[in-house]
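The values are calculated or read from the model by the stated rules, or taken from the named source; none is laboratory data. Just so it is clear, the model here is predicted, and its values are computed rather than measured. Counting neighbours? That spans all protein chains shown, and the Cβs are built from the backbone with ideal geometry, glycine included.
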Amino acid sequence: MNRYLAVAAAVAVGLATLAVTDPFHLRHGGAYAAVLVTLAILLVTVLGVRLLRGRLARVVAGVLGGLVAVGWLGLVWLAVSFAGDERVEEVVPSGGRLSLVLVRGHAFAEPVYSVRLRAGSGPFAQESTVWQGLGEGAPPTGFRFREGDIVEVVAAQFCGYRSSFDPVTLDVDPVHRPLRLDGC
């Protein structure tokens, strides 16, 4: 029994690590990380309780594992409470599986516009931020795909931002976050 539990714990830790690092920029990566890290904490705790000898060691391992799980779930709850509603305002398809999406969301209760690169649908849909404005800022005046793996966002006063992206992982370089309300 301990052998199967150890294998399950090792798989859960591996999947949790993958979910936290999120190399493929999954749209639902935060939810996957929350569930898999919780599962990994619980499995490692149960394994530790089963393998340790002595009642005191088992109780300490169980209490510590429980505290870590409660702390992690508290962080997850805090992150979810800061996430606000998002509304897609415009979509620019690439002609393939990719699209650029203008999203109006809330960051710490302030409306914020962002342009995101999306691919796929369902549980393995991907999404990466290309450009994110400031609170109270205006949406960009335009955004589009350029030649190759380049995207462009034109902010206020015709300031253009270009980023390259990896079509498999959707890793965007650089991600633009202007520091002024005029967008430049």
Worksheet entry | Residues of the stretch 87-122 satisfying the condition of being surrounded by fewer than 14 Cβ atoms within 10 Å (Cβ to Cβ) and touching a strand residue (DSSP E or B) at 6+ places or on another chain (Cβ under 6 Å) | Arg87, Val88, Glu89, Val91, Pro93, Arg97
Worksheet item: Looking at (1) of a type in the set (Asp, Glu); (2) modelled with pLDDT of 85 or more; (3) more than 20 Å from the chain's Cα centre (by Cα), can you tell me which one Asp171 breaks?
Response: (3)
Practice prompt. Evaluate the stretch 25-40: report whether one residue or more is under 30 Å from Val172 (Cα atoms), part of a helix (DSSP H, G or I) and touching a strand residue (DSSP E or B) at 6+ places or on another chain (Cβ under 8 Å).
Written response: yes
Worksheet item: What strands (runs of 3 or more DSSP E) completely inside the stretch 72-150 contain at least 1 residues that are without any contact (Cβ under 8 Å) to a residue 24 or more places away in the chain and not assigned by TED's automatic domain parsing to the domain that holds Ala16?
Response: 87-93, 98-107, 110-119, 142-145
Worksheet item: Quick one: would you say Ala107 is among the aliphatic types (A, V, I, L, M) and modelled with pLDDT of 85 or more?
Response: no
Item to complete: Mind counting the residues in the stretch 101-157 that are within 22 Å of Asp85 (Cβ to Cβ) and not charged (D, E, K, R)?
Response: 32
Worksheet item: Are any residues in the stretch 19-62 surrounded by 16 or more Cβ atoms within 10 Å (Cβ to Cβ) and charged (D, E, K, R), and if so, which ones?
Response: Arg27
Worksheet item: Of these, Leu78, Leu98, which one is at pLDDT below 95 and under 21 Å from Tyr161 (Cα atoms)?
Response: Leu98
